[in-house]
Amino acid sequence: MEQLKHSGLGIAAFITSLASAVLIFILIILAGAIELSTPGGIDENSVGAMVIGLLLFAFLGAALLSLGLGIGALFQRDRKKVFAILGTVFASVTILGTLFVLLLGMAME
């Protein structure tokens with residue numbers, strides 16, 4: 001019996017989901033630190049706020065990409081599915097958690 005190989009898509013999904021989760025976490029911490037250190041809060045029209053927003057969308061896009069890669073890897077035959085499952089779960093949790101934090105922040109205003 002032949003040993004199954006890990007899916008390349010699954011490995012890519014796992015790595016990108018972890019990277020996007022860590023980068024989004026760092027970005028949210030950075031945005032909170034800027035908000036607390038600026039008198040009156042961060043100006044929504046400042047360059048810093050726009051860069052943070054653009055980076056957030058980029059990292060969410062990376063999480064969506066890893067979700068797609070993970071789902072694609074789940075449908076591959078004759079491949080191990082461990083990294084595909086982990087990548088899909090981590091990407092889903094990252095996307096849902098980020099959306100929850102964004103909605104929570106909008107509700108607090």
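The alpha carbons of region 5-103 occupy a box of 57, 19, 17 Å along the principal axes, longest dimension given first.
Remark on HIS6: its backbone amide H falls under 5 Å from those of LYS80, a criterion applied only to residues 5 or more positions apart or on other chains, H modelled at 1.01 Å from N.
Any read-out appearing in this document is the output of simple, stated calculations on the displayed coordinates, not a laboratory observation. What you are looking at is a predicted structure, and each value in this text was computed from that prediction instead of being measured.
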